[in-house]
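I have placed the structure first, in the form of structure tokens, so that the comments after it can refer back to it.
The values are calculated or read from the model by the stated rules, or taken from the named source; none is laboratory data. Just so it is clear, the model here is predicted, and its values are computed rather than measured. Backbone-built Cβ (ideal geometry, glycine too); neighbour counts: all protein chains shown. Note: areas computed on protein heavy atoms with side chains; ligands, DNA, RNA excluded. Shrake-Rupley method; radii C 1.70, N 1.55, O 1.52, S 1.80 Å.
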Amino acid sequence: MPSNKSVSDAPIIQFTNCRILREHKLQREDLWVRDGKILDPEKLFFDEKGYADCRLDCGGAIVAPGFIDVQINGGYGVDFSQPCEDVSTGVSLVAKKILEHGVTSFCPTLVTSPPAVYHQVLPQVNIHNGGPDGAGVLGFHLEGPFISSEKRGAHPERFLRTFQSGGTDDLMETYGSLDNVAMVTLAPELPHSQSVVSTLRQKGVTVSLGHSVANLSQAEDAVRHGASFITHLFNAMLPFHHRDPGIVGLLTSDQIPAGRTVFYGMIADGIHTNPAALRIAHRAHPSGPFRDVLSGPETWLVLVTDAIMAMGLPPGRHTLGQQVVQIQGLHAYVAGTKTLSGSIATMDMCVRHFKQAAGCSVEDALEAAALHPARLLGISHRKGSLQYGADAGPFLPLDGSGGSGAALTVFVSVSQTWFCWTTGFGSEQPTSLERSPEETMMMIIRLFPRFRICCEMA
């Protein structure tokens, strides 16, 4: 029996024989989708008397939400911090390419730049949902220029700024507008920073602490004022010390207000963070193996790539904002130095390395790249999960290793279903199910043989 057309004309798609990442566990259930939303099968069966128009046998694959990257500086020859007359074209190219690696939403990240760069770049890219042509844009992440000179890393010192009276005027003078901004990274030890944190939160901007020499007390004060994220934990901050653990101490601080959550970003590229440090970070997370013996605030680990324009390109010289970057093997350095300057890792690489290095479960690794960043940005009701009523597209059927092999990205819209996939050897163009069902199914079977698909079109 086909779907109940009295409720909606949109077709119902049933994904069968799959393991769904839901409620922090891989559960053997079917996934039902209509009109771009995930359906509750009980309501579908008993209230609507509806059934599937199309069934897709996933062959035992994992079905997980699409990844969300909240810190990505560029890739494939595009540097988001380089101004041009058509910034949106570069963002669209990266958005399309990162689909191949499971990223379906992202925050284009600008490193410390002169005000003219922000004024030119920020108005050109609007927040929008993803689709078969590319991942969705959740808003910019502005990493700087209000950071510590001592812990600036690859950020050019000549463009660093401090907050003057109150700090709000400095934000607008530097950035021009916050309309398309999702997150700002700043150093909480800067004078007037706490009032800036409060202002940003009032405007709906997530505040992250990073590139900082703040002590624990200053970091706790920033969280009390509304900061909720730590930019690339362990990197570009004071090292952990037993008398004053600095920003790292937020992970187990007892001074965080009740109900507040501290998220922390990790670059799990095998370069930025030693596996032992990854394990420490993971075990401070509530789903880690020691959650019952560690005391402190609720904390959530968020995987980020911190990728630069050299991602997807051969070794050589590239840029990161106003700096020249040299790629040597898997390392990205400020040219002529040994200062790390972002990464060239893709998100699926980070998920795999994090799982292996931290010894965590597949569920933990996948949620660190999907659910946790969605919660950080306050969008987990529609992204980062496969709960009933959440956005159905995009999500990722993965092979049984949880991301170590081929992946198929599925976008389910009101009128049609799109598939974007990658094998181990590159990607194919998106294909629409509605446009040519038989041809689409044969293409998917050829490129993604774990899928055994039977389709009953109404």
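Going Cα to Cα from Lys96, which lysines come in below 28 Å? Please leave out same-chain ones fewer than 8 positions away.
Counting by Cα, and skipping residues close in sequence, Lys96 has these lysines nearby: Lys37, Lys355, Lys383.
Summarise the accessible area of region 67-377 (1.4 Å probe, protein heavy atoms) by the percent that is carbon and sulfur.
50
Sorted by mean Cβ packing within 10 Å, highest first, what order do the peptides 59-67, 80-88 take?
So the peptides 59-67, 80-88, ranked by packing, come out 59-67, 80-88.
Taking the solvent-accessible surface of protein heavy atoms with a 1.4 Å probe, what is the per residue accessible area of region 1-96 in Å²?
Result: 40 Å² of accessible area for each residue.
Among 192-199, 222-229, 113-120, how do they line up by average Cβ neighbours within 10 Å per residue, starting with the highest?
Final packing ranking: 222-229, 192-199, 113-120.
Need one word for region 67-377: rounded, prolate or oblate. Basis is the Cα gyration tensor (sqrt eigenvalues a ≥ b ≥ c); a/c below 1.5 gives rounded, then a/b vs b/c decides.
Verdict is rounded for region 67-377.
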